[in-house]
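Just below is one structure, and these are the notes that go with it.
Where a number appears in this text, it was derived from the coordinates with a stated rule and is not lab data. Everything quoted here is computed from the prediction, not taken from an experiment. Cβ placement follows ideal geometry from the backbone for every residue including glycine, while neighbour counts extend to all protein chains displayed.
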Amino acid sequence: MDSKKLTKDKFGGFIDLLSKQKLYVPQMAGETLRFAPVDSKDEVNLVFSNTAVPPKSVLFPQTETLYEYEAGGTEMIIPEGPEEKVLLGVRPCDARALTIVDKLFSWDIDDPYYLKKREATTIIGLACQEPGINCFCTSVGGGPASTEGLDLLLTDLGEGYLLQPLTEKGEKLCQDAGELLVDAAGEDNQAADKVHQEAAEKIVRNINVDGIPQKLEDLWESPLWKKVSDACLGCGACTFLCPTCHCFDIQDEMEGFEGRRCRVWDSCMFKEYTLHTSGHNPRPTRRERTRNRVNHKYSYFVKNFGTIACVGCGRCINNCPVNIDILDILSQVVKEAL
Amino acid sequence: MSEQYDPNIVAFLCNWCSYAGADLAGTSRTHYPANINIIRVMCSGRVNPLFIINALQQGADGVLVSGCHPGDCHYMEGNFYARRRFGLMKELLEYVGVDPKRFNMSWVSASEGSKWKDVVEDVVEKAKEAGPFEQFRRNKINW
Amino acid sequence: MVDLEKLKNVAKDTVSREDVKYLIGWRQGTYGFRVSPLFMTEPEDADKLIFSPLCVNNLATYLTLAEKLPVPRGAEPDTRKVALMVKGCDSRAVVQQLIEKGIERESVLVIGCPCQGVLDLEKVEEKFPGIHSPVDVQWGDDKFIINLPDGPQEVPREELLAKKCLNCRYPNPVMSDVMLWEEVEAWGNGEYADVKELEEKDSQARWSFWQDKFESCIRCYACRNACPMCYCEDCVLDRLNPQWIYRSNNISENTVFHLARAFHLVGRCIECGECERVCPMGLPLMTLNRKLVKEVRDKYDFEPGLDPESKPFQSSYRPDDQEDFIL
Amino acid sequence: MNNKPKIGVYVCHCGINIAKTVDVEAVSEFASRLPNVKVARNYSYMCSDPGQLLIREDIKNEGLNRVVVASCSPRMHEMTFRKTLAETGLNPYYLEMANIREHCSWVHEDREEATEKAKKLVFSAVAKARLLEPLYENEVEVEPATLVIGGGIAGIQAALDIADAGFKVYLVEKTPSVGGRMSQLDKTFPTLDCSACILTPKMVDVASHPNIELLAYSEVEEISGYVGNFEVKVRKKARYVDVNKCTGCGVCSEECRLAGRIPSEFNAGMGNRAAIYLPFPQAVPAKYTIDPERCLMLTRGKCGKGPKCEAACAAGAIDFNQKDEIVECKVGAIIVATGFDVFDAAKKPEYGYNDYDNVITALELERLVSASGPTGGNIVLGKGEDAFVPQEVAFISCVGSRDKSVGNEYCSRVCCMYTAKLAHLVKEKLPEANVRVYYMDVRAFGKGFEEFYDRVRREGVRYIRGNPSEIFKRGDKLVIKAEDTLRSTPIEDEVDLVVLAVGLEPRRDARQIIDLLRLSQSADRFYLEAHPKLAPVNTATDGVFLAGCSQGPKDIPDTVAQAKGAASSALVLLSSGKVKIGAQISFVNEATCRGCGYCVEICPYGAIELVTVNRMGNMVQVARVNEALCKGCGACSAGCLSGSIQQKSFMDRQILPQIAVLGGVK
């Protein structure tokens, strides 16, 4: 399907259409922006840099019930299937991240909880125009208008949005929109290209990732890891806010006689992540944990799935309270390995 | 607030004064509301401040800590530590918007069966005024 | 006034000492206004050290954060000192750690840096967005001198001062082995406008305020890990038996986490503001902690982290402690 | 052994006490459905023999390993049911009780409400019972010896009783002689026995008793350990006189260059002594002591051409090189009998004690009327040409007692009667004298007291109800300004002698013993007893007992009675030879303890200390509980931030499920 155009006066109607499913857009929660269901279309505001919490929180929620049970019982009550959702305003980097998470959750065993939600969700991207200070998507195979993982990409052209349907879901949406949309003209497509081009040029930070997986392997015992992790506080800010981090812990929670088994986000930066019942901890210090985080993204995942598990959104850099900067680490890796 | 609302209060009583005072209230057949549920500890100084938050989280509408009068502590000082801890706990709860009526502390001696009754009636009344506690109650709605 | 030469010389001498393991100071970060802790072992690293309005981190946290790895059989544990650069607030953390025996006096060498107040990172990044190259910032008279790539800019002090510094009463280290330069005059009166403002609201409004914040918490534990007072080997709030709080993220567990943490800091919080600074969700955690700091100071006449010989607040009482709240 | 909880729940009817308001059938039916409950029964009287048999049978037949009894208060029958469990070989601490009588059936009227609450209480007990752990009471051996601190009548009496029972006593007295305050008294009220006559034989007994080691002129320096096993260090101060050589002849004292120039403590400053001295003629041990603060040889290093005492001592007992000596002993019990100080009359400046020579304290008068005193028992004031015999004598009672302005709210209990006694003695010695007593109230509560007070008034002593406001000098006379409150008339009374009936105060060095033994003080600053009614000689520290005025003002018979009480309490401990250590005490998880020492500070019993342990090669400090000292209050665990110190039977993990049940999350 060809590109469509949505003029801003029709935007309200478009939102009404999307609202037939459960619509998630970036909204303020506390002091920060994250994807949350919309109650009224007035809340929809697509002027933002990026959400603090990536949209993975909708598809892979921080807390998710796997099943419920009664004390002493044998029956598992599995929550009802996911409802149809639309995520509007997903940045291309975060959408790419979902394709990375997809690989993990459909690897050896399909994870029904994630995959069903993924299936039931339409992802509408919004091309990036003002990349953040630590964005480096272009270094890891993405870009401000990358389409991977999206069903539909919106580009803000000022007076309206250019819509690029990318999947059947995206096309169906455009069809359903009917008269709200018009066919995009050639200059609209050119304007969008220009927007994409300009955005890409604004990205300053970069890294050459060639050969990094091998370099990381070579540097396994390097003193570098101690140096880059000395300042680490061992918190989960980098991993919880990472759009590709997908580790979880399984917990049982009881309320009187009723209980549930649920999964909650976990972080490899936490001491207890690898703590064994015996008291032994194979990753005893922040050095091993930091090394694991970088290796997992830039080495192990590459080996297992053929892609770097980092989309260059810059959140881990922005949010690290002690300025542990993954690009800095990687450039040191490159330097050390020479 | 529903008329049926019957507050549920968890009370931590020290073994030597308040628990004995509550026993005396029983022995003297004093009648008071059944909304109070007592957990016996040896000393009010044993009451971990996190118990208070935990009780609210686990469904209590009100919490009471009761110990010996100052100077009467069976262990000499336990109630002084309790007083310091819970004075501040009350401040903290109030500050985050928990109705201060929900958390109370009392001195009830082993001979104050009738004071125990008064305290119970008082805290039950206060909890009724505050209504059902929902703010950070652990709740299946969160599942 | 800040004397960087002296700082570097002292640092060089310090790390050259045989009884010093390393020195922890600040260095310019990888971009913009960011700084990072520097763990210095070699004298030649001294040139990386800075002391400027950007040096917000409380490095005292690292005294208790460093893992104590098993010592191989036959080897001796490394008992060399850690040298630590401290501002006034940071020094109170060291003192409080001494009071509660988190560290030993002889294990630490405190290098005092009298401080004129640090920058609020969020504010400065908002005012000067998108700056990639590291920026040097200096103190001027009642202003910050910000050396941007395209030339220096002066900004009035109040405009960019970190919240914790607005009312600072301890800009000078309260304890040190070396004091790097002259002490500055304290400017704060210890009033907490944020606490007062919230106190004046009704209980419903207060809960709405906190509910909003606690709901957005992601429980990354940055607040706890950055806190120089939170250094239990095994935090009770992480424990599974007994399990005080569940791992699930919701208003109930999140609120209890923050209340419990605030309460564990009673009479211990030295107001370095790290919890609030490191929170990726922007939770005003100091507005919570400061309430208890205020009560402890006003009603119990106690301030932590001032005298290493003092008795910890939580393990002491006074026979005349207030009890007007008791039935 | 498989220790999966198998719980038996026993709901008691208590006749109709419970069954009337609580549907016991419904409660036991409810309990039977609770997790881990194997059997649930109800029975008319669980505490009766058949009731207990029911439990025992079930433990045997059903293999129960936890028992919940829902009945009366655990304060009533916890011990009963623990024994029931123990009889079957089950650990007695596998018992949890639900108080459905005092806290439920007796206080609630509505049957439905009471039943629901009883269910909750039973559920809560079951929730805790699942997590109970077996506990064991330990015993420690008791060192068969006692330390008595203080050699006044209380200490003497306690020491003699214990020694007579066959146990070793270390009697430590700070001053050179035992005897204490009682030795300073002339007569005792109301019987007018000669104080010395009844005291000195006991003093001699103490010195000669084979079981008593008298450590006079000594101070306790350090006490460690716990009930049954205290380790004590006593500093035996240098007397500079070899007590083995000194014959007590007294020639040295006569020869001393400072003879008659140092105020005598024993005579309350009314007479003088030398730098080498015997406090009083009947002193025990009858050995001389050199006052190191006054002796010229000791303070200046020389004494004329040589110390005359040394020259005079035929036995060669003087030894200026003597050093303090540390005596170490192990004892099972400690009796504190450190006595009192008299109120410092200078704190009431309106009475002019510091200004006028003829305003004296009762203790000073005591020395004047004593035959062994500086005046040989004659009431003569002043010296030489100024000497005179008073004609107009006034006593003022309650000086420093019942007086908030000096911080002493309490009544000193002895002043009314010793005032009467001294008034009587003045009348006896100076029949012509006019004696009056200014008083607030006369408290003559003891055996023979009121009779004695009547007798004294009959002898012509005037009692004037009024508290004098001022004393000043007019010519040779002292003028007392007061108001006779019974007649509402102002008084200006000219007298020759004013005697201040000073009260009793805690010793000024009371703090020393508090620090040594972690004692507490009551509001009046005297040492605090464990319970004012039921444990008046005990302290909060096991194995430490109080006797005499250190615990509060007392007269001699009360002091002796309490000393005997303290001695008998100590003897209970010593003669049993063993002491049981409570089971519900605290313990530390050393792996998570961060060694902050909060628990150490919080523990009122000094039961916790920080010790250094090796944690994987790193030396770290952790808390450790001395099980013999822990009383099981649990205050430590509430103060522990890492939850590392816990109280057995009241652990966080045992209480949280109770909260969950009672909180009522469904």
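Here the contact order of segment B:1-62, divided by its residue count and restricted to Cα pairs under 8 Å and six or more residues apart, works out to 51 percent.
Taken over the alpha carbons of chain A as equal point scatterers, the Debye sum produces base-10 log I(q)/I(0) values at 0.11, 0.12, 0.13 Å⁻¹ of -0.78, -0.91, -1.04. From the P(r) of the protein assembly as shown, can you give the percent of Cα pairs sitting at distances over 48 Å? More than 48 Å apart: 52 percent of the Cα pairs in the protein assembly as shown. In this simple spin-label model, placing a label point 7 Å from the Cα along the Cα-to-Cβ direction at both D:E112 and D:E254 gives a separation of 10.1 nm.
Sorting the Cα pairs of segment C:165-215 by distance into bins of 5 Å, from 0 upward, gives 4, 16, 16, 13, 11, 11, 9, 8, 7, 3 percent per bin.
Taking amide H positions as modeled 1.01 Å from N, with prolines and chain starts lacking one, the residues under 5 Å from C:V82 and 5 or more places away or on another chain are C:K21, C:V108, C:L109. Take the Cα of D:R653, step 7 Å toward its Cβ, do the same at D:N467, and the gap between the two points is 6.1 nm. Working note: Debye formula, equal point scatterers on the alpha-carbon atoms of segment D:384-510, no solvent; log10 I(q)/I(0) at q = 0.20 Å⁻¹ is -1.22. Choose one of D:L430, D:S32, D:V232: the residue whose Cα lies farthest towards the positive end of the charge dipole of the protein assembly as shown (beta-carbon charges +1 Lys, Arg; -1 Asp, Glu; about the Cα centre). Projecting each Cα onto the dipole axis, the largest value belongs to D:L430. Over the Cα atoms of chain D, the radius of gyration divided by the Kirkwood radius equals 1.10; this is the Rg/Rh ratio.
With +1 on the Cβ of every Lys and Arg and -1 on the Cβ of every Asp and Glu, and nothing else charged, how large is the dipole of segment C:1-137 about its Cα centre, in debye rounded to the nearest 20?
Rounded to the nearest 20 debye, it is 200 debye.
The Cα atoms of segment D:126-285 cover 81, 41, 30 Å along the three principal axes, with the biggest extent listed first. For segment D:334-368 and segment D:1-61, what is the separation of their C-alpha centers, rounded to whole Å? Measuring centre to centre over Cα atoms gives 67 Å. Computed across segment D:320-408, the Kirkwood hydrodynamic radius from all distinct Cα-Cα pairs reaches 17.1 Å.
Here the average projected area of the convex hull drawn through the C-alpha atoms of segment A:4-201 stands at 13.4 nm².
Rounded to the nearest 0.05, the FRET efficiency derived from the C-beta distance between A:T307 and D:N138 at R0 = 51 Å is 0.20.
Fully extending the segment from A:E75 to A:E171 would add 30.4 nm, taking 0.36 nm per residue of separation and subtracting the current Cα-Cα distance.
Close amide H pairs (under 5 Å, H built 1.01 Å from N) link D:V148 with D:Y170, D:L171, D:V172, D:I335, residues at least 5 positions away or on another chain. Along segment D:388-404 the Karplus relation, 6.51 cos²θ - 1.76 cosθ + 1.60 evaluated at θ = phi - 60°, assigns HN-Hα couplings of 8, 9, x, 10, 9, 10, 10, 9, 10, 8, 6, 8, x, 10, 6, 9, 5 Hz to successive residues, with x for each Gly and Pro. Simple rule: put +1 on each Lys or Arg Cβ and -1 on each Asp or Glu Cβ in chain A, find the dipole, and look at A:I317, A:P54, A:N189; the Cα lying farthest toward the positive end is A:I317. Highest mean packing comes first when the peptides D:297-310, D:619-632, D:7-20 are listed by Cβ atoms within 10 Å, giving D:7-20, D:619-632, D:297-310.
Shape of segment D:251-312 from its Cα gyration tensor (a ≥ b ≥ c, root eigenvalues): rounded if a/c is under 1.5, otherwise prolate when a/b > b/c, or oblate? Show your work: numbers first, answer last.
Numbers: a/c = 2.01, a/b = 1.51, b/c = 1.33.
Verdict is prolate for segment D:251-312.
Rg/Rh for segment A:225-300 stands at 1.05; both radii use Cα atoms, and Rh follows the Kirkwood definition. Between C:K123, C:K87, C:K163, the Gaussian network model of chain C with springs among Cα atoms under 10 angstrom shows the greatest mean-square fluctuation at C:K123. Pairs from the table (A:K215/A:K335; A:K8/A:K85; B:K90/B:K140; D:K174/D:K323; D:K174/D:K347; D:K383/D:K421) lying more than 20 angstrom apart at Cα are A:K8/A:K85; B:K90/B:K140; D:K174/D:K347; D:K383/D:K421.
Rounded to the nearest Hz, the phi-derived 3J(HN,Hα) couplings of segment A:155-160 under the Karplus curve 6.51 cos²θ - 1.76 cosθ + 1.60 (θ = phi - 60°) are 10, 7, 9, x, 7, x, where x marks glycine and proline. Calculate, for C:K6 and C:D307, the FRET efficiency according to 1/(1 + (r/R0)^6) with r their C-beta to C-beta distance and R0 35 Å; round to the nearest 0.05. For C:K6 and C:D307, the calculated efficiency is 0.80. Relative to the longest principal axis of the Cα atoms of chain B, helix B:18-27 runs at roughly 80 degrees. Our coupling estimate for segment C:189-196, obtained by passing each phi through the Karplus curve with A = 6.51, B = -1.76, C = 1.60 and θ = phi - 60°, is 10, x, 8, 10, 4, 5, 5, 4 Hz, Gly and Pro reported as x.
Here the convex hull built on the C-alpha positions of chain B has a volume of 101 cubic angstrom per residue.
DSSP beta bridges fully contained in chain D are about 55 percent antiparallel. Against chain D, whose longest principal axis is taken from its Cα atoms, helix D:556-576 shows a tilt of about 40°.
Residue exposure proxy: D:D386, C:D120, D:D558, ordered by other Cβ atoms within 10 angstrom of their Cβ from fewest to most, comes out as D:D386, D:D558, C:D120.
Provide the percentage of antiparallel DSSP beta bridges, counting only those with both residues in the protein assembly as shown; round to the nearest 5. Show your work: numbers first, answer last.
Working: 111 of 199 bridges.
Beta bridges within the protein assembly as shown, antiparallel portion: roughly 55 percent.
Each 5 Å bin from 0 upward holds the following percent of the Cα-Cα pairs of segment D:265-394: 2, 7, 12, 15, 14, 14, 13, 12, 6, 3, 1, 0.
Going by how many other Cβ atoms sit within 10 Å of their own, how do A:H196, C:H132 line up, fewest first?
Details: A:H196 20, C:H132 13.
Ascending Cβ contact count within 10 Å gives the list C:H132, A:H196.
Could you tell me what % of all Cα pairs in segment D:7-129 have separations over 21 Å? Walk me through the numbers on the way to the answer.
On the way: 2025 of 7503 pairs.
Taking all Cα-Cα pairs of segment D:7-129, the fraction more than 21 Å apart is 27 percent.
Considering only C:G282, C:C269, C:P308, and ranking their Cα positions along the charge dipole of segment C:193-315 that arises from unit charges at the beta-carbon of Lys, Arg, Asp and Glu, the one farthest toward the positive end is C:G282. With a simple spin-label model that places each label point 7 Å from the Cα along the Cα-to-Cβ direction, the separation between C:D136 and B:S28 comes to 8.0 nm. Computing FRET efficiency as 1/(1 + (r/R0)^6) for C:E185 and A:F48, where r is the C-beta to C-beta distance and R0 is 41 Å, gives about 0.40. Taking amide H atoms as placed 1.01 Å from N in the peptide plane, the amide H of D:A530 lies under 5 Å from those of D:N538, D:T539, D:A540, each 5 or more residues away in sequence or on another chain.
Translational diffusion of segment C:193-315, estimated by Stokes-Einstein from the Kirkwood radius over alpha carbon pairs at 37 °C in a medium of 0.692 mPa s, is 214 µm² per second. Taking only the Cα atoms of segment C:4-179, the ratio Rg/Rh comes out at 1.00, with Rh defined as the Kirkwood radius.
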